[in-house]
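Only one structure is covered here, and it is reproduced in the block below.
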């Protein structure tokens, strides 16, 4: 076997020209930042969200910067709508499962309604969007050249436990397991599957949960880096895993947690 060229250029491997990416939950926060980063790297991005108004705002900003983007309103828990949307995409190379939610509450107070709502969005929809996307990847394009990428946005809570987050932890642990199993099953096809697991990210959703200075100070005190993550921190991790620069990375979870889980 010939040895690798240690001084070969690598920066170009982070580019995504000629690839199409689907990002769920892309109307705001982490999803919007991911869509923007992938478009900046040259991908054509199909943004999916429930809110057409949010999508149009983000898509307009990306287009103004020269990015190629489509805004598609869709409920990812409606699998028939998801299948139709993906069938309409000529070719799909990257899917980022970002849509998800959390309802923090004590274990004994979790209702069946909340359990079903969260599990349907965080687990079932992620599984079915992935399944539909992988089928598309396997039947279109030159996989030997292009490969394919599935990236699941999980959480540090997919690696640890936390009070008042039993359903969320359960959901995110499930997706970490799906990531590993799917990576092994699809490796021979050239499709890579990974997850990105953030700590608390400074978004409107998190600000609703961390709604007092005391809660914020306590949360930040648990993060060795001394701050919450920014959406761009997560987008950069996704960009790496989506790109050819990560060609030998599959079945792993990239923790973007400021050191939380290292303690």
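Derivation of every value follows stated rules applied to the coordinates shown; laboratory data play no part. Every value quoted in this text rests on a predicted model; they were computed, and no experiment measured them. Note that we place each Cβ from the backbone using ideal geometry, even for glycine, and neighbour counts take in every protein chain shown.
Using only Cα atoms, find the angle between the long axis of helix 166-186 and the longest principal axis of the chain, and express it within 0 to 90 degrees, rounded to the nearest 10.
20 degrees
Take the chain, connect every pair of alpha-carbon atoms lying under 10 Å apart with a spring to form a Gaussian network, then pick out the residue of 44, 112, 91 with the largest mean-square fluctuation.
Largest GNM mean-square fluctuation: 112.
Between residue 78 and residue 164, what's the calculated FRET efficiency when r is the beta-carbon distance and R0 is 35 Å? Round to 0.05. Each step should come with its number before you reach the end.
On the way: r = 29 Å, r/R0 = 0.84.
Taking R0 as 35 Å, the efficiency between residue 78 and residue 164 is 0.75.
Using only Cα atoms, tell me the angle between helix 231-242 and the longest principal axis of the chain; keep it within 0 to 90° and round to the nearest 10.
Taking the Cα atoms of the chain, the angle to 231-242 is about 40 degrees.
P(r) of the chain in 10 Å steps, Cα pairs, percent per bin?
Result returned by the calculation: 7, 30, 37, 20, 5, 1, 0.
Just order 95-104, 60-69 by mean Cβ neighbour count inside 10 Å, highest at the front, would you? Please list the in-between numbers first.
Details: 95-104: 22.2, 60-69: 14.6.
Put in order of decreasing packing, that is 95-104, 60-69.
Which residue, 36, 221, 243, tops the fluctuation ranking in a GNM of the chain built on C-alpha contacts under 10 Å?
Checking each option, the largest mean-square fluctuation is seen for 221.
Hey, what does the equivalent ellipsoid look like for segment 64-155, semi-axes from the Cα gyration tensor as sqrt of 5 times each eigenvalue, largest first, whole Å?
Working: eigenvalues 176, 43, 34 Å².
Output for segment 64-155: semi-axes of 30, 15, 13 Å.
With each pseudo-label sitting 7 Å past Cα toward Cβ, what's the residue 70-residue 117 distance in nm, one decimal?
3.1 nm
Can you give the angle from 0 to 90° between the axis of helix 52-64 and the longest principal axis of the chain, with both taken from C-alpha atoms, to the nearest 10?
Helix 52-64 sits roughly 50 degrees off the main axis of the chain.
Pull out the extension gain between residue 109 and residue 135, defined as 0.36 nm times the separation in residues minus the alpha carbon to alpha carbon distance; nm, one decimal.
Details: separation 26, 0.36 × 26 = 9.36 nm, distance 3.91 nm.
That pair, residue 109 and residue 135, stretches by 5.5 nm at full extension.
If you rank 88, 233, 75 by fewest surrounding Cβ atoms within 10 Å, what's the result? Could you put the intermediate results ahead of the total?
Values: 88 10, 233 21, 75 14.
Ordered by Cβ neighbours within 10 Å, fewest first: 88, 75, 233.
Report, in deg cm²/dmol and to the nearest 500, the calculated mean residue ellipticity at 222 nm for the chain, where each DSSP H run with n ≥ 4 adds -39500 (n - 2.57) and the sum is divided by the residue count.
Details: 10 runs with 109 residues, N = 263.
Per the formula, -12500 deg cm²/dmol.
Using R₀ = 41 Å, calculate the FRET efficiency as 1/(1 + (r/R₀)^6) where r is the Cβ-Cβ separation of residue 211 and residue 189; round to 0.05. All intermediate terms of the calculation are to be shown ahead of the outcome.
Numbers: r = 45 Å, r/R0 = 1.10.
About 0.35, to the nearest 0.05.
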